[in-house]
Amino acid sequence: MAKRDYYEVLGVAREASEDDLKKAYRKLAMQFHPDRNQGDAKAEGKFKEVSEAYEVLKDAEKRAAYDRYGHAAFEGGSGGGGGSPFGGAGFEDIFEEMFGRFGGRGGRQTSGRGADLRQEVQITLEEAFAGTKKTIRVPSSVQCEACTGSGAEGGSASVTTCGTCRGSGKVRAQQGFFLIERTCPTCSGTGKIIKNPCKVCNGAGRVQRDRTLNVTIPPGVEDGNRIRLTGEGEAGLRGAPAGDLYVDIGVKTHPIFQREGPNIMVRVPLRMTQAALGASVEVPSIDGGRSAVKIPAGTQTGDNFRLRGKGFSVLRNSARGDMYVQVVVETPQNLTPRQREILESFEVEAEKGDTSSPESEGFFAKVKEFWNGVGR
Ligand SMILES: [Zn+2]
Ligand SMILES: [Zn+2]
């Protein structure tokens, strides 16, 4: 999409004074501010556009560069700033500078924010089915109690605003006509300087401590699912917001059941006589119950029987998948003399060709065709 002219965006003439620009921006920014247009993507887009235009035009040097080169003056070379020459961080900051913060927003301070943490939790397939609660220990840092997170001895009394960045946490430097924004080296981006650092946390405002957390794992989770616990990550530097905690779910393989999405597979061995004569077998289900499955006479290895609604739970849904019982016909070993005798007479009968063996018939028909084909 082509970028609109900054003057056009603000609705001012090219020779507009600094005051005119400020008035125009103030009016439009108030109108399109995200806090007044919650969930309105169009208004948010307008707000960003207006803020970006003002950010450039309010600065005499940038305005001169823009007048001369247009948008090209700020394109490329700024290092992944998402298309904005200010690394994407600029517009809210300038807005807050002008109007103060809107209530309830809590400030969108990005510097010093605590790191996101990742923790893995292993659960069984039964737990994934029914949902579960897990207590996890997170090696983390928490807000220092001695200084209530300020990092200053005896509270926030000895905290002063950083003189290098005047509290913004960022410094800007001109390189050619690119304006580069960096984290302030004096205060590491916090915007504050501490004269008497807290002795407990050495001024960081946070201390290392393991935390225990209870995590609710909903029914139907799958191996590799991730749960985000907002604000449960590492504490922020000197009162900055905490990071988030990501809990990665690992589901252990089950000795009986195999999950396939909402369905469950279970392989059930069957004696060859049961398969031939038909039988009723009892199979376990994931909810701990048992179900009887009728096996008809003449069942083959690999035949599937479906049990509706006996499958897995589905995430955020009360429905359940199905269970598939797959039959494996087993050949007996270590026959007793009596069993051997019976099977030998069975074989004599089978040789007479009265029984139906679908696999063999198909196979031997193909073998006959093959021999005919090669002229044997
Ligand atoms: Zn600073
Ligand atoms: Zn402290």
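The values are calculated or read from the model by the stated rules, or taken from the named source; none is laboratory data. What you see is a predicted model; the values in this text were computed from it and never measured. Here the Cβ positions follow ideal geometry from the backbone for every residue, glycine too, while neighbour counts run over all protein chains shown.
Go through Leu213, Leu179 for me and flag whichever is assigned to a strand (DSSP E or B), away from ligand 1 (no atom under 16 Å from the Cβ), surrounded by 15 or more Cβ atoms within 10 Å (Cβ to Cβ) and at pLDDT below 85. Working first, answer last.
Details: Leu213 fails: at pLDDT below 85.
Exactly one of Leu213, Leu179 is assigned to a strand (DSSP E or B), away from ligand 1 (no atom under 16 Å from the Cβ), surrounded by 15 or more Cβ atoms within 10 Å (Cβ to Cβ) and at pLDDT below 85, namely Leu179.
When Gln208 is evaluated against the numbered criteria (1) of a type in the set (S, T, N, Q); (2) part of a strand (DSSP E or B); (3) in contact with a helix residue (DSSP H, G or I) (Cβ under 8 Å, 6 or more places away or on another chain), which criterion, by number, is the only one it fails?
Going through (1) of a type in the set (S, T, N, Q); (2) part of a strand (DSSP E or B); (3) in contact with a helix residue (DSSP H, G or I) (Cβ under 8 Å, 6 or more places away or on another chain) one by one, Gln208 breaks only (3).
How about region 28-115: which helices (runs of 4 or more DSSP H) wholly inside it have at least 2 residues that are modelled with pLDDT under 85 and under 30 Å from Ala204 (Cα atoms)? Give the derivation first.
Numbers: elements: 41-57, 60-69, 90-99.
Correct list: 90-99.
Report whether or not Cys187 is of a type outside the set (D, E, K, R), touching a residue at least 24 places away in the same chain (Cβ under 8 Å) and within 16 Å of ligand 2 (Cβ to nearest atom).
Numbers: of a type outside the set (D, E, K, R): yes; touching a residue at least 24 places away in the same chain (Cβ under 8 Å): yes; within 16 Å of ligand 2 (Cβ to nearest atom): no.
Considered against the rule, which asks whether it is of a type outside the set (D, E, K, R), touching a residue at least 24 places away in the same chain (Cβ under 8 Å) and within 16 Å of ligand 2 (Cβ to nearest atom), Cys187 comes out as no.
Scan region 243-280 residue by residue and report those that are more than 19 Å from Glu120 (Cβ to Cβ), among the hydrophobic types (A, V, I, L, M, F, W, C) and surrounded by 15 or more Cβ atoms within 10 Å (Cβ to Cβ).
Result: Phe257, Ile264, Met265, Val266, Val268, Leu270, Ala275, Ala276, Ala279.
Has region 160-181 got at least one residue that is of a type in the set (Asp, Glu), over 30 Å from Ala60 (Cα atoms) and either within 16 Å of ligand 2 (Cβ to nearest atom) or touching a residue at least 40 places away in the same chain (Cβ under 8 Å) (or both)? Walk me through it before giving the result.
Initial filter on region 160-181 (of a type in the set (Asp, Glu)): 181.
Still in the running and over 30 Å from Ala60 (Cα atoms): none.
No, region 160-181 contains no residue that is of a type in the set (Asp, Glu), over 30 Å from Ala60 (Cα atoms) and either within 16 Å of ligand 2 (Cβ to nearest atom) or touching a residue at least 40 places away in the same chain (Cβ under 8 Å) (or both).
Looking for something within 29 Å of Lys170 (Cβ to Cβ) and either more than 16 Å from ligand 1 (Cβ to nearest atom) or more than 16 Å from the chain's Cα centre (by Cα) (or both) - is there at least one such residue anywhere in region 217-228? Give the derivation first.
Taking region 217-228 first, the residues within 29 Å of Lys170 (Cβ to Cβ) are 228.
Still in the running and either more than 16 Å from ligand 1 (Cβ to nearest atom) or more than 16 Å from the chain's Cα centre (by Cα) (or both): 228.
Yes.
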